[in-house]
Amino acid sequence: MIKSIVNQALFRILSPIIIGLLAYILLLLFNNQLDQLQSEFINLELFIFIVLALLIQESTRFVIRKRTNKISESFAAKQLISPLATSLMIAVTITTMTITFYFKIRLGYAPEYGELIHFNIIFLLFTLVYFSLYLSFFLLEKDYSHSMKSELCKKQEIESDFIQYKNGINPTLLFECFESLIVLTHKNVEQADELLDNMAQVYRYILSPKYEEVISLQEEWNYVTQLVDLFKSLPYRKVEVKLNVIEDIYIVKGTMLTIIEAIIRSVIASENQMTSILVTSDNANILLDYNAVSKLQDQVMTNNIDILNSSYRVYSDQIIMNTTKGHMHQIRIPILQLQNQIL
Amino acid sequence: MNVIIIEDELPAIKKLTDYLHKYDASIKIIHTCESIEIAVRTLLNLEKPVDLIFMDIQLSDGLSFEIIEQVDIDNPIIFTTAYDEYAIDAFKLNSIDYILKPISYTALSSSLKKYKRLSKPQTNIIKSAFHKIREKRYKDRFLVKLGNKINTIPINEVALIYAEGRTVYLITSHGQKFIIDYKIEQLSEILDPSIFNRINRSSIIHIKAIKEIIVYSNSRLRIDTIISIEKELIVSREKVNDFKTWLEGDL
């Protein structure tokens, strides 16, 4: 985010010089000593004024940064009373102390009450200017960063909705099915009909409202077999899946469908090469083992596992892992540990 | 075997007829009825004995249960349905025979094999199943991670659900905060709209979580909740009217 001008180093250095100079001229005007400018323009008094302006500027900036953080969107003037009063009090203290110190050390006597009032009035005016300036920029910056954050959140929400929508529709599979359907309707109507039924069943499952977050592996397996049947009707797809799990175990809804599809898509399709996927389990994981040659450049598996892992992180400390040794691949899906019988 | 098909979609009638003939060429489709009205008229004026009826649950003019209410049917019925799993559960629970659409030959042949064992339809049982179908289903609990296990949060304990970027949080009425695996968009479809309201793009609130409503800048409303939350809950300008109607209990 761009730093506002009032917070930039150059402004913070130049501003006290100008303010100090203005304060000095104002004081000379008060005391009717403007001709002093001609005889001795740069002197210790001017330097003291610049230092005073710097101290007041920085203290006001500090107070605003520390005390106005809690100002909410429902902006109210009363919320400003405390930081303003603090800034003014600090300004009075700094001015009085610096001037008294200067008078005693340089001139050898304490300043008069009327002189102190003059000094304080001038620097209180500049404090008010600083306060208004810093507060305006501070609130503007706060509002800007809040808007940016909220826009970023909205962007992420929309992206996330889009990814989910795209995953649900699965356009690649949809168009592949349609293409196969076009071919099959001319060759084998019965197969085309079967393909359409499988497609309808799979899409009904994928697109149905998600009332349950988790599902039993066995229940999802019915749809896995239908998905595999769908793939079998596509050209060069030779796939077989086998489930060797008898226990009642739970997975995030859609996990097996996504992983099986990712496996099929991440291996090189060949008419002579069967992709055999064996599903087993150990104590903590569901294991999917398959032997196949992976595509040289393919992000399908990684992307799908990443999407699924964002769901698994909600329910488990473990995530889905993919390991490869040569042509042997293994995917480990953590088994969800449910508290008692909650399903 | 004489069969009646009560179905309002012509492709489905054709498919069912083809599958029935494929299963047994001697099966005769004596009537096809496309609406409740036609079905009632047909069943009241039957000239031939009927062995089996295939009945679509949702017809163009209503639920086919109205046919059973108007006509005393003695023959076995196999329902066909495109309803979701929830409706299917109602049928399974009451042992009512059904085939899920799109009808597959395997499902049809397995139903036909047992059709002779099907008893006379019991109106009360079917009524309760249809009653469940009529009810709109809403989510009744959330699964959340508690320690290293998954636990449930009943829906009446949910005070607020809000999204922050890609993450969606659930706040309970006790002030506990959990991450859930849903999108706000999905939730607005499956939460009961009489108790939950989507007050803006990223927040859904339970009616009981509202403590105070304050008029806010730019024709918006700010909600103070019974639990303390870091987030400022603002009813967006375009949702204010719906929100007021919801509070009045008209949604």
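Laid out as a table, the results:
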| read-out | value |
| --- | --- |
| Filter pass, B:Ile190 being within 30 Å of A:Leu207 (Cα to Cα) and within 14 Å of chain A (Cβ to nearest Cβ) | yes |
| Residue in the range B:226-243 that is farthest from the other protein chains (Cβ to nearest Cβ), counting only those that are free of Cβ contacts under 8 Å to residues at least 40 places away in the same chain and part of a helix (DSSP H, G or I) | B:Asn241 |
| Test: residue in the range A:109-126 that is within 19 Å of A:Val6 (Cβ to Cβ) and touching a residue at least 40 places away in the same chain (Cβ under 8 Å) | yes |
| Check on A:Glu179, more than 37 Å from the chain's Cα centre (by Cα), assigned by TED's automatic domain parsing to the domain that holds A:Ile263, surrounded by fewer than 17 Cβ atoms within 10 Å (Cβ to Cβ) and modelled with pLDDT under 85 | no |
| Selected residue [among the aromatic types (Phe, Trp, Tyr) and within 13 Å of A:Val267 (Cβ to Cβ)] from A:Tyr290, A:Tyr315 | A:Tyr290 |
| Members of the range B:225-246 found to be modelled with pLDDT of 90 or more and either within 22 Å of B:Phe178 (Cβ to Cβ) or among the hydrophobic types (A, V, I, L, M, F, W, C) (or both), listed by number | B:Thr225, B:Ile226, B:Ile227, B:Leu233, B:Ile234, B:Val235, B:Val240, B:Phe243, B:Trp246 |
| Residue within the range B:133-156 that is surrounded by fewer than 15 Cβ atoms within 10 Å (Cβ to Cβ), modelled with pLDDT of 85 or more, more than 30 Å from B:Ile180 (Cα to Cα) and not hydrophobic (A, V, I, L, M, F, W, C) present | no |
| Which listed residue, of A:Leu184, A:Leu207, A:Leu195, is more than 14 Å from chain B (Cβ to nearest Cβ) and in contact (Cβ under 8 Å) with a residue 24 or more places away in the chain | A:Leu184 |
| From the options A:Ile268, A:Ile286, A:Ile307, residue that is more than 22 Å from B:Lys145 (Cα to Cα) and assigned by TED's automatic domain parsing to the domain that holds A:Tyr250 | A:Ile268 |
| Some residue of the range A:229-250 being within 11 Å of chain B (Cβ to nearest Cβ) and either free of Cβ contacts under 8 Å to residues at least 24 places away in the same chain or closer than 21 Å to A:Ser310 by Cβ (or both) | yes |
| Hits in the range B:209-223 - residues which are over 34 Å from the mean Cα position of the chain (by Cα) and hydrophobic (A, V, I, L, M, F, W, C) | B:Ile214, B:Val215 |
| Any hit, the range B:160-179, residues being buried (at least 19 other Cβ atoms within 10 Å of the Cβ), more than 11 Å from chain A (Cβ to nearest Cβ), within 22 Å of the chain's Cα centre (by Cα) and not hydroxyl-bearing (Ser, Thr, Tyr) | no |
| In the range B:187-216, the residues that are surrounded by 17 or more Cβ atoms within 10 Å (Cβ to Cβ), among the β-branched types (Val, Ile, Thr) and within 17 Å of B:Tyr169 (Cα to Cα) | B:Ile199, B:Ile204, B:Ile205 |
| Test result for B:Lys211, within 8 Å of chain A (Cβ to nearest Cβ), without any contact (Cβ under 8 Å) to a residue 24 or more places away in the chain and touching a strand residue (DSSP E or B) at 6+ places or on another chain (Cβ under 9 Å) | no |
| Among residues of the range A:1-46, those that are modelled with pLDDT of 85 or more and of a type in the set (Lys, Arg), counted | 1 |
| Filter pass, A:Ile90 being at pLDDT 90 or above and surrounded by 14 or more Cβ atoms within 10 Å (Cβ to Cβ) | yes |
| Scan of the range A:132-163 for residues that are out of contact with any strand residue (DSSP E or B) (no Cβ under 7 Å at 6 or more places or on another chain), buried (at least 16 other Cβ atoms within 10 Å of the Cβ) and within 14 Å of chain B (Cβ to nearest Cβ), ordered by number | A:Ser160, A:Asp161 |
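The values are calculated or read from the model by the stated rules, or taken from the named source; none is laboratory data. Because the structure is predicted, anything quoted here is derived from the model rather than measured. Cβ: placed from backbone, ideal geometry, glycine included. Neighbour counts: every protein chain shown.
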